[in-house]
1. Quick check on the chain: helices-only [θ] at 222 nm, where DSSP H runs of length 4 and up contribute -39,500 (n - 2.57) each and the sum goes over total residues. Nearest 500, please.
2. With the crude spin-label approximation of a point 7 Å out along Cα→Cβ, what separation in nm comes out for E51 versus S87?
3. Please compute the Cα-Cα pair-distance distribution of the range 65-132 with 5 Å bins starting at 0, giving whole percents from short to long.
4. Just need the relative contact order of the chain here, percent rounded to a whole number, with Cα pairs under 8 Å and 6+ apart.
5. Among L156, L118, P137, pick out the residue whose Cα is farthest towards the positive end of the charge dipole of the range 103-166, where Lys and Arg carry +1 and Asp and Glu carry -1 on C-beta, about the Cα centre.
6. Give me a comma-separated list of calculated 3J(HN,Hα) values for the range 136-149, in order, Karplus coefficients 6.51, -1.76, 1.60 applied at θ = phi - 60°, integers in Hz, x for any Gly or Pro.
7. How much length is gained if the chain between R163 and I134 is pulled fully straight, taking 0.36 nm per residue apart and subtracting their Cα-Cα distance, in nm to one decimal?
8. Compute the length gained on full extension between V144 and F9: take 0.36 nm times their separation in residues and subtract their Cα-Cα distance, giving the result in nm to one decimal.
Amino acid sequence: MFDVVRAVFPDDLKEVLDLYHEYVNSTSADLSFQGNDEEFNQLPEKYSCAESKIFLLRKNCKPVGCAAFRQLDATTCEMKRVYIRPSARGSNMGAKLVDRVLQEAILSGYNKMCLDVLPEFKTALKLYRSYGFIEHPPVTNNPVPGTHFLGLNLDLYSQALQRRNH
């Protein structure tokens with residue numbers, strides 16, 4: 001059984017850090033420009049508020065994935081660190097995580113969500129496009145050649161979701 005839960009600190013810190021380190025090591029790109037050590041050291045402070053949240057995907061109570069969003073400004077957030085362990089891939093779990101992140105961002109009052117996708121993450125790019133993400137100017141520094149910068153109008157997404165559910 002799969003569940004998506006909001007990470008609680010300090011209880012979930014080790015699980016989140018393990019997944020984040022796996023994510024960073026899963027790519028062939030050098031992600032040192034992101035300042036991961038500093039970010040990882042500040043996870044509880046940065047993601048324990050209403051504006052920024054981390055979610056864990058658990059299978060039978062064991063962590064198999066994560067995703068987060070963080071505030072960029074009062075109306076815009078960034079989706080970050082969507083990662084599914086190889087053992088849980090291919091079972092639509094990425095979509096389950098993205099669904100939860102989008103729902104929580106809307107509930108937090110955001111109108112727009114942005115993200116960037118490294119060129120090697122083709123499956124993730126396809127998933128984001130299926131939600132309506134389109135090309136968008138970069139909102140963060142990512143110098144990796146071929147990176148896709150995407151954005152989604154959360155108001156339009158929410159309206160479309162409501163129409164589908166009625």
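1. It lands at -10500 deg cm²/dmol.
2. Rounded to a tenth, the inter-label distance reads 3.7 nm.
3. 4, 16, 29, 26, 16, 7, 2, 0
4. 19 percent
5. Farthest towards the positive end: L156.
6. Those phi angles translate into 8, x, x, 10, 9, 7, 9, x, 5, x, x, 4, 9, 10 Hz.
7. Additional length available on full extension: 8.4 nm.
8. The V144-F9 span can extend by a further 45.5 nm.
Since every read-out is calculated from the coordinates, none of them should be taken as a lab result. Note that the structure is a prediction, hence the values are computed from the model and not measured. As a convention, Cβ positions derive from the backbone with ideal geometry for all residues, glycine included, and neighbour counts pool all protein chains shown.
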